[in-house]
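*Asks:* Have a look at this one before I ask anything.
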Amino acid sequence: MTLETLGIQAKQAERELLKLNATKKNECLQAVADGLVADSEAILKANEEDVRIAREKGMNESLVDRLALTEQRIHSMAEGLISLIALEDPIGEILEAKIRPNGLEIGKKRVPLGVIGIIYESRPNVTADAFGLCFKTSNAVILKGGSDAIHSNKAIVSVIRRVLDSCGVTPDAIQLVEDTNRETAKKLMQMNEYLDVLIPRGGAGLIRTVVENSTVPVIETGTGNCHIYVDDSADIEMAVNIIDNAKTQRTGVCNACESLLIHKDIVERVLPAICERLFKKHVEIRGDENCCRLNSQIIPASEEDWGREYLDYILSAKVVENLDEAIAHINKYNTKHSEAIITKDYEHARRFLDEVDAAAVYVNASTRFTDGFEFGFGAEIGISTQKLHARGPMGLKELTTTKYIIYGNGQIRP
């Protein structure tokens, strides 16, 4: 099927989705959730093929983990769809209304973006999340997943389309570009006639390619060189627990901690505890001279390490003089995703929140919480690191725009 055909069908689906009320959309989401669980065996079989091929190609195990599905992960996908049911449908919400002196009633109404294109890499759960969020907001979606997950994505989309059809809803609400060729992806980036917005989800290379080649408006979801700064007043046990969680709970995700900054006055007390915990989990630490001096197992870091998203059991570490240096370092090297400070000092916490330029800024908590489900959005379409239209985890409202609706009774402009 050609991209143009997918585009034509998506525009038709867009008009059909506008006719669905919240009750019908919620019924469909429940049915799709049930369908994914019921067909989990087929989905897992398809995923096993993707994982087998990935390992044969030598894919890093952290990335294999992002690709792999389990019964629990399929149940989590279903739960993500079900959680959307409890959320208020934003479509049709009147954001403001006023009556002008001439009697015109002017209101602002929340409406869908239209047709959303999503280009993403080897994370099959994105397929279900993207569908749920787009469907709840009456957007049609065209998905272009990576070649690594093509069997998994085809199986998931097949279930969703079949269930929608059985519910009497156009299955073209979701469509998958099955051609994994990069040239096909570039053509998708220039389908202005059919796409209203394009959202890339993946590594720095994919996002850069989309931003540089797309003629369709892009909402940029960023990579995650996320920092944790251990301030001089930090609780050491808290710091170790948060760093451990942010680094090792899942290494191949964009909200994992990649860079560690430690105040010079606490480094001799906290770094040994951090090393003891992380070395047990086979984390490689690449540090500056001060860190290397305190532990011989720490590998000397290069300039490249300060700005790198590892997506692996690797962490960079640097000792800083004070809060000012920590904030300056973060703002220089970060990807504007998620940053955290561990401190007991209220004023330092306030300054960190105010001065660090990122979509999500934490005090005394793991960066792993930057997630649509954890933020109460049900799921997320991605985590936007840009400042226009949306920033941070993108839930339902971030997939809408507005239009003005005006009621008159014969007014003409003098």
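The values are calculated or read from the model by the stated rules, or taken from the named source; none is laboratory data. Note that the structure is predicted; figures quoted are calculated from it, not measured. Because the Cβ atoms are built from the backbone with ideal geometry, glycine has one as well, and the counts that use them run over all protein chains shown. Surface areas here come from the heavy atoms of the whole protein model, side chains and all, with no ligands, DNA or RNA. Shrake-Rupley method; radii C 1.70, N 1.55, O 1.52, S 1.80 Å.
*Asks:* Can you give the accessible area per residue of region 290-330, in Å², using a 1.4 Å probe? Mind dumping the intermediate values first?
*Replies:* Values: 1970 Å² over 41 residues.
It amounts to 48 Å² per residue over region 290-330.
*Asks:* Okay, next question. For region 144-210, what is the accessible area per residue in Å², given a 1.4 Å probe and the full set of protein chains? Walk me through the intermediate numbers first.
*Replies:* On the way: 2780 Å² over 67 residues.
Each residue of region 144-210 exposes 41 Å² on average to a 1.4 Å probe.
*Asks:* Quick one: grab the alpha carbon gyration tensor of region 263-414, order the square roots of its eigenvalues as a ≥ b ≥ c, and give me rounded if a/c is under 1.5, else prolate or oblate depending on whether a/b is larger than b/c.
*Replies:* Numbers: a/c = 2.98, a/b = 2.45, b/c = 1.22.
Since a/c reaches 1.5 and a/b is larger than b/c, the shape of region 263-414 is classed as prolate.
*Asks:* Something else now. Just report the Cα centroid separation between region 190-218 and region 378-414, whole Å.
*Replies:* 19 Å
*Asks:* In addition: Counting other Cβ atoms within 10 Å of each Cβ, which GluC sites (Glu not before Pro) in region 70-178 have at most 15 and sit in a DSSP loop?
*Replies:* Sparse-neighbourhood loop GluC sites (Glu not before Pro): Glu88, Glu93, Glu178.
*Asks:* Looking at region 305-414, which GluC sites (Glu not before Pro) are DSSP coil and have at most 11 other C-beta atoms within 10 Å of their C-beta?
*Replies:* On the way: sites: Glu309, Glu321, Glu325, Glu339, Glu347, Glu355, Glu374, Glu380, Glu398; in loops: Glu309, Glu321, Glu374, Glu380.
Here the GluC sites (Glu not before Pro) that fit, given the DSSP loop and packing criteria, are Glu321.
*Asks:* Tell me, what is the FRET efficiency for Met238 and Gln386 to the nearest 0.05, using R0 = 41 angstrom and their Cβ-Cβ distance as r?
*Replies:* Numbers: r = 32 Å, r/R0 = 0.78.
Once rounded, the FRET efficiency stands at 0.80.
*Asks:* Report, in whole Å, the centroid distance computed from the Cα atoms of region 324-372 and region 29-99.
*Replies:* About 29 Å separates the Cα centre of region 324-372 from the one of region 29-99.
*Asks:* Sort out the exposed loop trypsin sites (Lys or Arg not before Pro) in the chain (DSSP loop, at most 16 other Cβ within 10 Å) and tell me the longest stretch that has none. List each step's numbers first, then the result.
*Replies:* Values: sites that count: Lys19, Lys57, Arg250, Lys264, Lys281, Lys344, Lys387.
With trypsin sites (Lys or Arg not before Pro) excluded where exposed in loops, the chain gives 58-249 as its longest stretch.
*Asks:* Can you pick out the pairs among Lys19/Lys109; Lys24/Lys186; Lys98/Lys136 whose Cα atoms lie more than 25 Å from each other?
*Replies:* With Cα atoms farther than 25 Å apart: Lys24/Lys186; Lys98/Lys136.
*Asks:* Of the accessible area of the chain, with the probe set at 1.4 angstrom, what percent is carbon plus sulfur? Don't jump to the answer; show the numbers that get you there.
*Replies:* Numbers: 8860 of 18570 Å².
On the chain, the fraction of accessible area on carbon and sulfur atoms equals 48 percent.
*Asks:* Taking 0.36 nm per residue of sequence separation and subtracting the Cα-Cα distance, how much length would be gained by fully extending the chain between Ile106 and Asn322, in nm to one decimal?
*Replies:* 72.5 nm
*Asks:* Among the DSSP beta bridges whose two residues both lie in the chain, what percent are antiparallel, rounded to the nearest 5?
*Replies:* Taking every DSSP beta bridge with both residues in the chain, the antiparallel ones total about 30 percent.
*Asks:* Nothing charged except the Cβ atoms of Lys and Arg (+1) and of Asp and Glu (-1): what's the magnitude of the dipole of region 189-308 about its Cα centre? Round to the nearest 20 debye. Working shown, then result.
*Replies:* Working: 12 positive and 19 negative charges, 90 e Å.
Here region 189-308 has a charge dipole of around 440 debye.
*Asks:* Is the shape of region 324-404 rounded, prolate or oblate, going by the alpha carbon gyration tensor and its root eigenvalues a ≥ b ≥ c, with a/c under 1.5 for rounded and a/b larger than b/c for prolate? Kindly include the intermediate steps, with their values, before the conclusion.
*Replies:* Details: a/c = 2.38, a/b = 1.80, b/c = 1.33.
Prolate.
*Asks:* Moving to a separate point now. Under a straight-distance cross-link criterion of Cα-Cα below 18 Å, which aspartates and glutamates are reachable from Lys403, leaving out those fewer than 8 residues away in the same chain?
*Replies:* Output for Lys403: Glu14, Asp89, Glu93, Glu96, Glu105, Asp196.
*Asks:* Taking R0 as 25 Å, what FRET efficiency do you get between Ala97 and Arg15 from their Cβ-Cβ distance, rounded to the nearest 0.05?
*Replies:* Working: r = 26 Å, r/R0 = 1.04.
Once the sixth-power term is evaluated, E becomes 0.45.
*Asks:* Hey, another quick one. Taking the solvent-accessible surface of protein heavy atoms with a 1.4 Å probe, what is the per residue accessible area of region 1-128 in Å²?
*Replies:* On the way: 6430 Å² over 128 residues.
I get 50 Å² per residue for region 1-128.
*Asks:* I would also like to ask the following. Students often get this wrong, so try it: which of (i) 75, 62, 37; (ii) 68, 53, 42; (iii) 103, 58, 49 is Cα extents along the principal axes in Å as calculated from the structure shown?
*Replies:* Correct label, based on the coordinates given: (i).
*Asks:* In addition: Treating cross-link reach as a plain straight distance, find the lysines whose alpha-carbon is under 28 Å from the alpha-carbon of Lys280, omitting any fewer than eight places away in the same chain.
*Replies:* Hits, sequence-local ones excluded: Lys247, Lys264, Lys318, Lys344.
*Asks:* From the Cα gyration tensor of region 113-186, with a ≥ b ≥ c the square roots of its eigenvalues, which class applies: rounded if a/c is under 1.5, or else prolate if a/b is larger than b/c, or else oblate?
*Replies:* Values: a/c = 1.88, a/b = 1.45, b/c = 1.30.
Judged from the Cα gyration tensor, region 113-186 comes out prolate (a/c at least 1.5, a/b above b/c).
*Asks:* Using the Karplus equation 6.51 cos²θ - 1.76 cosθ + 1.60 (θ = phi - 60°), what ³J(HN,Hα) coupling, rounded to whole Hz, does each residue of region 289-298 give in order, writing x for Gly and Pro?
*Replies:* Once rounded to whole Hz, the list reads 4, 5, 5, 4, 5, 8, 8, 6, 7, 6.
*Asks:* Go through region 338-346 residue by residue and turn each phi into a ³J(HN,Hα) via Karplus (6.51, -1.76, 1.60, θ = phi - 60°); whole Hz please, and just put x for glycine and proline.
*Replies:* 9, 9, 9, 10, 10, 7, 9, 8, 4
*Asks:* Would you mind checking which residues have amide H under 5 Å from Val230's amide H? H placed 1.01 Å from N; only 5 or more apart, or other chain.
*Replies:* Long-range HN contacts for Val230: Leu261, Ile262, His263, Ile342.
*Asks:* What does the extension gain come out to for Glu276 and Lys397, with contour length at 0.36 nm per residue minus their alpha carbon separation? Walk me through the numbers before you get to the answer.
*Replies:* Details: separation 121, 0.36 × 121 = 43.56 nm, distance 4.32 nm.
So the chain would gain 39.2 nm between Glu276 and Lys397.
*Asks:* Same structure again: In whole Hz and in residue order, list the ³J(HN,Hα) couplings for region 71-84 that follow from phi through the Karplus curve 6.51 cos²θ - 1.76 cosθ + 1.60, θ = phi - 60°; x for Gly and Pro.
*Replies:* After applying 6.51 cos²θ - 1.76 cosθ + 1.60, I find 4, 5, 5, 5, 4, 5, 4, 5, 5, x, 5, 5, 5, 5 Hz.
*Asks:* Taking 0.36 nm per residue of sequence separation and subtracting the Cα-Cα distance, how much length would be gained by fully extending the chain between Glu48 and Ala22, in nm to one decimal?
*Replies:* Working: separation 26, 0.36 × 26 = 9.36 nm, distance 3.58 nm.
Result for the pair: 5.8 nm of gain on full extension.
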